[in-house]
1. Tell me which residues, restricted to the stretch 42-63, are closer than 17 Å to GLU99 by Cβ and either assigned to a loop (DSSP other than H, G, I, E, B) or free of Cβ contacts under 8 Å to residues at least 12 places away in the same chain (or both).
2. What's the number of the condition HIS37 fails, among (1) buried (at least 22 other Cβ atoms within 10 Å of the Cβ); (2) closer than 16 Å to PRO111 by Cβ?
3. Yes or no: the stretch 55-65 includes at least one residue that is modelled with pLDDT under 95, closer than 17 Å to SER117 by Cβ, hydrophobic (A, V, I, L, M, F, W, C) and surrounded by 17 or more Cβ atoms within 10 Å (Cβ to Cβ).
4. Would you confirm, using the coordinates I've provided, whether HIS155 is within 21 Å of LYS29 (Cα to Cα) and without any contact (Cβ under 8 Å) to a residue 40 or more places away in the chain?
5. When PRO95 is evaluated against the numbered criteria (1) farther than 18 Å from LEU31 by Cα; (2) in contact with a Leu (Cβ under 6 Å, 6 or more places away or on another chain), which criterion, by number, is the only one it fails?
6. Only one of VAL70, VAL86, VAL28 is under 17 Å from the mean Cα position of the chain (by Cα) and farther than 22 Å from GLY133 by Cβ. Can you tell me which?
Amino acid sequence: MASRLLWASRAASYLRISPFHRGFSSVVKDLKYADTHEWAKIDGTSATIGITDHAQDHLGDVVYVELPAVGVAVEQGKCFGAVESVKATSDINSPVSGEVVEVNTDLDGSPGLVNGSPYDKGWIMKVQMKNPGELNNLMDSEQYVKFCEEEDAKH
């Protein structure tokens, strides 16, 4: 058994993959994370927002994304839309307060982008932030990884 594990870890290191399942998916370093599994990519006073890889992994195949309207106000920690998957419908909360300046209309025809590219093509909305100080209420990537590990250990 030990020799098989050693072989697997050598093969994994050769292939540059982790031989041990971490229990959750990828986390991007330069983003901010909410404890409800949304991410925010900050660019000045603008934030691009989506759901995390961890969230989409737990949801399963996304079949519909309810987008907010451009121009509406969103509040940190409050619901602005929903993601419907084959398993369930989940509210999406905004990690920051501000005004919606753009939504990802590609999700109307291709909601699966949330699954296949949660941090890139599967973004949901862009917000002009009202209070950048709210970013202090969010987690960085290391804190979010720890949060996910602790949350998964409970289930």
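1. Within the stretch 42-63, ASP43, GLY44, THR45 qualify.
2. (2)
3. Yes, the conditions are met somewhere in the stretch 55-65.
4. On the way: within 21 Å of LYS29 (Cα to Cα): no; without any contact (Cβ under 8 Å) to a residue 40 or more places away in the chain: yes.
No: the conditions fail for HIS155.
5. Here PRO95 meets the rest and fails (1).
6. Working: VAL70 fails: under 17 Å from the mean Cα position of the chain (by Cα); VAL86 fails: under 17 Å from the mean Cα position of the chain (by Cα).
After ruling out the rest, the residue left standing is VAL28.
The values are calculated or read from the model by the stated rules, or taken from the named source; none is laboratory data. Keep in mind that what you see is a predicted model, and the values were worked out from it rather than measured. Please note: Cβ atoms are built from the backbone with ideal geometry, for glycine as well, and neighbour counts cover all protein chains shown.
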